[in-house]
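Computed from the coordinates by the stated procedures, all read-outs in this text should not be read as laboratory data. Model, not experiment: these values are computed from the prediction. FYI the Cβ positions are ideal-geometry reconstructions off the backbone, even for glycines, and counts take in every protein chain you see.
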Amino acid sequence: MSVSFLLLSVLVSIIVSCIFLPKILSSLGESIGYYLRRTSRTRRELLLARVASEQRSYSSENIETRSAEDDDWEEIEGYAAGTAANGGKADQDWKGIVGFFHPFCNAGGGGERVLWAAIRATQKRWPDAVCVVYTGDHDVDKAAILKRVKDRFNIQLHPPTIHFLYLSTRHYVLSSTWPHFTLLGQSLGSLILAYDAFMLLVPDIFIDTMGYAFALALSHFFFPSVPTGAYVHYPTISTDMLESLSAGGQGVNAGAGEGWKGVVKRQYWHLFAKLYCIVGSTIDVVMTNSSWTQAHIQSLWGPSRKRRTPNADADIDVVFPPVAVEELESAIEISDTSGSRRGPYLLYIAQFRPEKNHQLILEAFADLLASNNGFPSFPNESPKLVLVGSVRDSDDATRVYNLRLLAHELKIKESVEFVCDATWPQVLGWLRRASVGVNGMWNEHFGIGVVEYQAAGLISVVNDSGGPKLDIVVDIDGEPTGFHASTVSEYSKAFAKSLSFSPAETFAIRTRARKSALRFTDRGFAEKWIKHMERLVNLQIEKASET
């Protein structure tokens with residue numbers, strides 16, 4: 001057999017594979033999808049029957065409350081009408097099932113606030129739709145989760161049309177499960193977790209609100225007729241992360257690209273980034289939480305999405321997270337006399353995770369106490385650092401313990417208070433009493449806590465990067481609303497300056513901060529969320545009519 005014939009055979013094989021392999025894979029995926037639909041059909045019927053039963057038995061004592069809430073939403077509903085395909089109105093009577101993929105829904109952080117606000121907006125616009133949350137929080141039931149949503153975020157959901165399906169494979173997305181090749185491992189783990197979710201129930205619309213883009217790609221592979229949506233808080237990988245591998249980089253992987261192991265890590269990350277780009281091209285609707293995230297997602301997903309849909313890049317829209325701005329505005333007074341009710345307290349609201357960099361803030365606070373003898377505006381009190389955050393698991397609990405040890409070693413133990421798993425009234429109390437709001441995370445994707453600081457009238461000192469820098473702590477009317485910092489010294493000096501303003505200067509900056517926060521209201525989020533949900537609903541209606 002001649003070499004030319006062998007080469008020709010190989011070439012023909014490659015061409016045949018390129019033509020038929022995608023079709024074979026597509027058929028395989030849809031066959032698995034058909035099996036999953038059949039497997040979960042009974043559970044779907046039982047779920048809808050349960051929803052109908054709960055709707056009928058829902059206590060009449062809540063009718064008055066719901067009517068009052070409905071009045072508040074008329075304006076939002078009117079705004080969203082007419083944004084559907086062909087200028088029409090999305091089907092108000094749509095009764096499908098929206099699946100929200102959020103395995104850590106009970107964590108109590110800013111990402112969870114987005115989830116619950118999104119579900120509330122969906123419930124208000126499509127009251128007959130069913131919202132299903134896929135979660136791994138086996139230790140809590142529906143009543144406990146909804147109670148925490150009310151206590152932590154002051155968000156009231158309609159219980160009959162929200163249900164929880166419990167995943168048994170959440171450990172596959174934990175970083176501890178993948179000590180090596182963590183990014184790839186967690187992404188593969190999300191595929192296992194998504195398959196677990198589809199075994200329980202196949203929704204009509206599938207939305208990820210945690211950053212598991214691979215789960216959405218799997219949904220597209222199994223169920224082409226199920227529209228997918230992503231609310232991206234933070235890209236799984238970004239150009240900033242790749243740059244951080246170099247010496248002098250920032251973040252938890254700073255300098256990890258040095259040496260032969262670093263070279264391997266760098267190549268692995270570049271390959272993963274290419275895979276991430278392909279995955280992003282399969283998603284129907286993409287929302288990002290900030291300008292910083294949008295720029296990275298457009299850079300990563302934009303080229304692949306354009307090859308699929310010419311205008312896809314323009315569809316990657318910024319939907320700022322919802323913040324309780326209106327409530328804070330009504331609950332906390334800002335006046336030329338209200339400052340006297342505040343103390344020299346520095347407040348840091350953040351989950352106790354490594355990237356939040358509590359250590360930097362503790363060190364900066366220790367430097368503040370060591371380099372300042374007091375502040376004239378607070379003659380009878382010493383500065384105090386208050387760390388407020390949720391503790392998700394044993395790793396977080398260990399982290400809090402280590403932070404307490406660090407405070408002891410820095411000799412500031414008596415001036416630091418830890419408030420774990422705070423309720424909304426507790427958070428509100430500290431926002432009312434504190435003077436300075438702190439953010440320590442490098443490249444924080446957005447920073448809901450920072451907006452809460454501004455709405456409450458605190459002077460913000462945030463990391464000189466990401467969303468807090470680009471979107472939130474910006475000049476208003478040509479004047480600052482807070483400070484940016486990167487190092488221990490810069491934070492310490494910004495803390496000192498924030499506590500050293502005269503009453504008139506403090507009142508002026510607090511007023512500007514609140515004006516800045518008005519850009520990030522619950523209503524603003526709901527309007528944009530409904531607009532994008534309408535696209536998904538109409539896609540579902542169109543695809544359902546084709547099958």
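Could you list, in their original order, any pairs among LYS147/LYS413; LYS469/LYS497; LYS150/LYS497; LYS142/LYS515; LYS124/LYS356 whose Cα atoms are separated by more than 30 Å? Please list the in-between numbers first.
Working: LYS147/LYS413 33 Å; LYS469/LYS497 18 Å; LYS150/LYS497 36 Å; LYS142/LYS515 37 Å; LYS124/LYS356 34 Å.
Where the Cα-Cα span goes over 30 Å, the pairs concerned are LYS147/LYS413; LYS150/LYS497; LYS142/LYS515; LYS124/LYS356.
Could you sort 442-451, 109-118 so that the peptide with the highest average Cβ count within 10 Å comes first and the rest follow in order? Mind dumping the intermediate values first?
On the way: 442-451: 27.3, 109-118: 24.1.
So the peptides 442-451, 109-118, ranked by packing, come out 442-451, 109-118.
Can you give the Rg to Rh ratio for segment 276-366, taking only C-alpha atoms and Rh from Kirkwood?
Working: Rg = 20.3 Å, Rh = 17.2 Å.
So for segment 276-366, dividing Rg by the Kirkwood Rh gives 1.18.
Quick one: give the max-minus-min coordinate of the C-alpha atoms of segment 383-541 along each principal axis, largest first, in Å.
Principal-axis extents of the Cα atoms in segment 383-541, largest first: 62, 45, 29 Å.
For TYR276, what charge total do you get from the other residues with a beta carbon under 15 Å from its beta carbon, if Lys and Arg give +1 and Asp and Glu give -1?
Numbers: positive: LYS274, ARG305; negative: ASP208, ASP240.
Net local charge, TYR276 excluded: 0.
For a bin width of 10 Å, list the pair-distance distribution of segment 134-215 built from all Cα-Cα distances, rounded to whole %.
Calculated over all Cα pairs of segment 134-215, the distribution is 16, 42, 32, 10, 0 percent.
Show me 396-403, 370-377 ranked by packing, highest mean number of other Cβ atoms within 10 Å first.
For the peptides 396-403, 370-377, the packing ranking is 396-403, 370-377.
At R0 = 30 Å, how high is the FRET efficiency between LYS150 and ARG43 if r is their beta carbon distance? Nearest 0.05 is fine.
Working: r = 27 Å, r/R0 = 0.92.
Approximately 0.65, to the nearest 0.05.
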